[in-house]
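The values are calculated or read from the model by the stated rules, or taken from the named source; none is laboratory data. Quick caveat: nothing in here was measured; it's all calculated off a predicted structure. Every residue, glycine as well, gets a Cβ built from its backbone with ideal geometry; the counts of neighbours run over all protein chains shown. Keep in mind that these areas ignore ligands, DNA and RNA; they rest on the heavy atoms of the full protein, side chains included. Shrake-Rupley method; radii C 1.70, N 1.55, O 1.52, S 1.80 Å.
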Amino acid sequence: MARALVIAERDEKPAIQEVPAQIPEAGQVRVAVEAASVNGIDAATAAGYLWDLMPHTFPVTLGRDFAGHVEAVGDGVTNVQVGDRVAGVITGMTLGKGAIADSVTVDAGTTAVIPEAVSSAQAAGLGLVGLTATALLDALKLTADDTVLVSGATGGVGAVAVQLAAATGAKVIGTARPGAAEFVRGLGAHEVVDYTADLGAAVQAVAPDGVTAVVHAAGDPATVAGVLLPGGRLASALGATPEQAGRDDVIVLPAMADATSEQLTKLLEATANGSLQVPLFHTYTFDEAHQAVSDFGSHKLGKLVIIIR
């Protein structure tokens, strides 16, 4: 058996319970989890927003990304072996299996070995947000000629996106509440604007020549699309559509995280060499895991990570 943070039935609160430990099948690995992080999908699941939108099997274990040690491998696995310290991501548009547990079984192709310089907490906090931010930046294809607004720059996806955008040479503007500007500047943003005020006026003040691209990691699509120059691009982590953007003179781009060993390895290596920061805001014990999910909607800076062991 394994211990996991689960929702046992619809409308119940998340709680740690015992669930059956899985035996890895061909192409899978079982990982003894050391740390896992909280993402928006976990908070939405716990709030009951997804029951009618996504297939699910109770008990639903929360959590999408994790770090730990491989304790068993299925047939055909070659990228990792028993004893390796790995990070991984649970993919798919179903609810049931999750990573906030002391053991998780996943496809080996969605795991990667963690460099020694990277802690388990960092690795667990990097997976889903790092992959999503990478997809956003890949969609936008930024150059040094771009001025890009990162909407949601204080969250996990936005904080990584600021860093990736700055590395392209583009001028980066991040959104933040008052008091969080230094956090965003520390990630590489050239300017920070208060999204609680008039966003268009705030962006115009720091980028009078206009914005050519938007990373949409938070906020109303029409509001953030409103700052774009004609012909500009908006890449959305929230599934925004051209209709929601409300403009026919800008390009709205889909962005889907590509959870592969290769992509995870790139992110972990960037963290190890110091070119990428994992914005850890707070850590919780396993027994406090329910509180981490509850706190997700009210915290403002970076990632919440649960230390399992």
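Is it the case that Q122 is in a helix (DSSP H, G or I), open to solvent by 20 Å² or more (accessible area, probe 1.4 Å), out of contact with any Ser or Thr (no Cβ under 9 Å at 6 or more places or on another chain) and modelled with pLDDT of 95 or more? Here the answer is no, as Q122 does not meet what is asked. Could you go through segment 166-182 and let me know if any residue there is over 18 Å from L253 (Cα atoms), touching a Phe, Trp or Tyr at 6+ places or on another chain (Cβ under 9 Å) and open to solvent by 10 Å² or more (accessible area, probe 1.4 Å). Yes - at least one qualifying residue is present in segment 166-182. Within the set T110, T147, the sole residue that is open to solvent by less than 50 Å² (accessible area, probe 1.4 Å), within 28 Å of D194 (Cβ to Cβ) and among the hydroxyl-bearing types (S, T, Y) turns out to be T147.
Going by the conditions given, is G63 surrounded by fewer than 19 Cβ atoms within 10 Å (Cβ to Cβ), under 26 Å from M256 (Cβ atoms) and modelled with pLDDT of 95 or more?
no
Of the helices (runs of 4 or more DSSP H) entirely within segment 236-305, those holding at least 3 residues that are surrounded by 19 or more Cβ atoms within 10 Å (Cβ to Cβ) occupy 261-272, 289-295. For segment 267-281, filtering for residues that are out of contact with any helix residue (DSSP H, G or I) (no Cβ under 6 Å at 6 or more places or on another chain) and modelled with pLDDT under 95 leaves 1. Consider segment 23-55 and keep the residues that are among the polar types (S, T, N, Q) and in contact with a Gly (Cβ under 8 Å, 6 or more places away or on another chain). The one that is nearest to I308 (Cα to Cα) is S37. For segment 105-113, state whether one or more residues are assigned to a loop (DSSP other than H, G, I, E, B) and either over 21 Å from G40 (Cα atoms) or at pLDDT 95 or above (or both). Checking segment 105-113: not a single residue is assigned to a loop (DSSP other than H, G, I, E, B) and either over 21 Å from G40 (Cα atoms) or at pLDDT 95 or above (or both). The residues of segment 18-55 that are touching a helix residue (DSSP H, G or I) at 6+ places or on another chain (Cβ under 9 Å) and farther than 30 Å from T154 by Cβ, listed by number, are P24, G27, Q28, V29.
Do we have any residue at all in segment 87-96 that's hydrophobic (A, V, I, L, M, F, W, C), open to solvent by 10 Å² or more (accessible area, probe 1.4 Å) and assigned to a loop (DSSP other than H, G, I, E, B)? The answer is yes; a qualifying residue exists.
Inside segment 19-66, can you point out the residues that are assigned to a loop (DSSP other than H, G, I, E, B) and over 23 Å from T111 (Cα atoms)? Within segment 19-66, A47, G48, Y49, L50, W51, D52, L53, M54, P55, T57, F58, P59 qualify. All conditions but one from (1) under 16 Å from L136 (Cβ atoms); (2) free of Cβ contacts under 8 Å to residues at least 60 places away in the same chain; (3) surrounded by fewer than 22 Cβ atoms within 10 Å (Cβ to Cβ) apply to A218; the one that does not is (2).
A Cβ distance below 9 Å, combined with a sequence gap of six or more or placement on separate chains, defines the contacts here; from segment 264-288, residues that are β-branched (V, I, T) reach residues that are open to solvent by 80 Å² or more (accessible area, probe 1.4 Å) and modelled with pLDDT of 95 or more in the pairs T271/Q277.
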